[in-house]
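Asks: Take a look at the following structure, please.
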Amino acid sequence: MLLKNRLFTPGPTPLLPAAQTAMAAFSLHHRTADFKALFSRVLSDMKDFIGTKNDVLVLSCSGTGVLEGSVSNLTSPGDKVLVLTAGKFGERWRDLAKTYGCNVELISVPYGETFSLDEIKQKLTPDIKAVYVQATESSTGVRHDVQGISKLVRANGDDTLLVVDAITGLGTTHFDVDGWGIDIIIGGSQKALMIPPGLANAAFSERAWKRMDTTKSPRYYFDFRKERKNAAKGESAYTPATSLFAALGAALDFVRQMGAGDLAAGRKALVDNAELAAEMTRAGAKALGLTLFAPTAPAAALTAINAPAGLDSSALVKDFRDRFSAVVANGQGDMKGKMIRVAHIGYYDYLDTIGILGALEHVLAKVTGKPVEYGAAVKAAQQVYAQASAGKPQLVGV
């Protein structure tokens, strides 16, 4: 049997063929007029992809680089910040803030849950300089209420900035970045943008830029003011990942095509596609008697599915890989062996969803040694699709 390598992980995600071609063929020097034109176009298009009029930067790094920069640029040692953590990536915000000497106020909830807005409101005092949160906690499959959190932060005054890690949220969740008053929202290339890891992006409010002029934490490569100054000239401050910029340009063109020439409409279609695939996956898992790790606030970026009682999920992950060359994610850290995580991000469509659910039926039957009603998960997903699509064309896998 021919086995195609298939990624069902929350990053890296499946690559867009047009982006792969653009990346492979690209050889321009980064200080030429042609590359400057590409660079400027990508920055402009990224505003529409994120949904903002604020300045956007694209840096050559992983998303964690911009997370770190969002601490070093916005805070001084001793500043009080509020970190909201409900998983491994919320804990990354906590650790970064402590690394830069911040006084960290923490709201922590159990993995698989989300935050109480009332508790956040109680913690938001005028001396809080910044609030750091995930849009989607990809270690658990939870989506947080960014709109509700934004409303609380803005009510606390302009001296409190809101920073949102939307690395798996952009392209899978609808945001009103400017309307909600998000000060920094962060994305990554290897998620809904359908290209390899290596680029991180972020949009910055004027409040955030103003804060950077007064903070004292050290910064060099991740000095966002320096990048902004160079970006205005169509350049990056340092050598960019040129071929990845070519891939990003192709990916943004693809999203524009999804919206019939309107990039913002394409972004909406991309998010709606992830929402539908996630709903299909949840229905399919439940039809097999499986339970969700985050049932009360499920993300569209991925679905975290609990392993059957007494079973190590590593066996499921291994059988997916060995029999179908399909890579699903195990749990992270203490959650390893307890769940599988199936992503629905970017270049992922109806047929991918049906395929992974069909494979899940076979994997469960083999690993558990118990009878499985073949077609149960697929049927449940089909019913969701039929009710939601109403004959609309599939927009992603085209």
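Values in this text are rule-based calculations from the coordinates and carry no lab data. These figures come from a predicted structure and were not determined experimentally. We place every Cβ from the backbone using ideal geometry, glycine too, and count neighbours over all the protein chains shown.
Asks: Neighbour counts of other C-beta atoms within 10 Å: give me ASP213, ASP45, ASP95, ASP262 arranged from fewest to most. Write out the running numbers ahead of the final one.
Replies: Values: ASP213 7, ASP45 19, ASP95 12, ASP262 15.
Ascending number of Cβ neighbours within 10 Å: ASP213, ASP95, ASP262, ASP45.
Asks: May I ask for the angle, rounded to the nearest 10°, between helix 313-324 and the longest principal axis of the chain, with both axes built from Cα atoms and the value confined to 0 to 90°?
Replies: 70
Asks: Further question on the same structure: Which of these values of percent of Cα pairs over 36 Å apart was calculated from the structure shown: [x] 63; [y] 24; [z] 29?
Replies: [y]
Asks: Output the 0 to 90 degree angle, nearest 10, between the alpha-carbon long axis of helix 63-72 and the longest principal axis computed from the alpha carbons of the chain.
Replies: Result, in degrees: 30.
Asks: What are the residues whose amide H is under 5 Å from the amide H of THR168, where those residues sit 5 or more places off or on another chain and H is modelled from the backbone?
Replies: For THR168, the qualifying residues are THR136.
Asks: Follow-up. Checking the table LYS88/LYS216; LYS88/LYS210; LYS88/LYS191; LYS129/LYS216; LYS47/LYS268 against a 19 Å threshold on Cα-Cα, which pairs fail?
Replies: On the way: LYS88/LYS216 28 Å; LYS88/LYS210 30 Å; LYS88/LYS191 17 Å; LYS129/LYS216 13 Å; LYS47/LYS268 14 Å.
From the list (LYS88/LYS216; LYS88/LYS210; LYS88/LYS191; LYS129/LYS216; LYS47/LYS268), the Cα-Cα distance tops 19 Å for LYS88/LYS216; LYS88/LYS210.
Asks: Determine the sum of side-chain charges near LEU170: Lys and Arg each +1, Asp and Glu each -1, restricted to other residues whose C-beta is under 15 angstrom from that of LEU170. Write out the running numbers ahead of the final one.
Replies: Values: positive: LYS47, ARG143, LYS191, ARG267, LYS268; negative: ASP45, ASP48, GLU137, ASP165, ASP176, ASP178, ASP272, GLU275.
My count for the surroundings of LEU170 gives -3.
Asks: Of all beta bridges DSSP finds with both residues in the range 17-257, what is the antiparallel percent, to the nearest 5?
Replies: Details: 13 of 32 bridges.
For the range 17-257, the DSSP antiparallel bridge percentage is about 40.
Asks: In whole Å and largest first, what semi-axes does the C-alpha gyration tensor of the range 1-118 yield when each eigenvalue is scaled by 5 and square-rooted? Before the final figure, lay out each step's value.
Replies: Numbers: eigenvalues 232, 110, 37 Å².
In descending order, the three semi-axes are 34, 23, 14 Å.
Asks: Give me the percent relative contact order of the chain, please, defined on Cα pairs under 8 angstrom at least 6 residues apart.
Replies: On the way: 836 pairs, mean separation 87.1, N = 398.
The value is 22 percent.
Asks: Okay, moving on. Taking the Cα centre of the range 17-257 as origin, work out the dipole magnitude from +1 charges on Lys and Arg Cβ and -1 charges on Asp and Glu Cβ, in debye rounded to 20.
Replies: Values: 28 positive and 27 negative charges, 109 e Å.
Rounded to the nearest 20 debye, it is 520 debye.
Asks: Highest mean first, how do 243-249, 126-132, 181-187, 287-293 rank when packing is the count of other Cβ atoms within 10 Å averaged over residues?
Replies: Working: 243-249: 24.4, 126-132: 20.0, 181-187: 26.3, 287-293: 17.1.
Descending packing order for the listed peptides: 181-187, 243-249, 126-132, 287-293.
Asks: Right, something else. Using the Cα centre of the chain as origin and beta-carbon charges of +1 (Lys, Arg) and -1 (Asp, Glu), tell me which of GLY169, ILE128, ILE340 is placed farthest towards the positive end of the dipole.
Replies: Projecting each Cα onto the dipole axis, the largest value belongs to ILE340.
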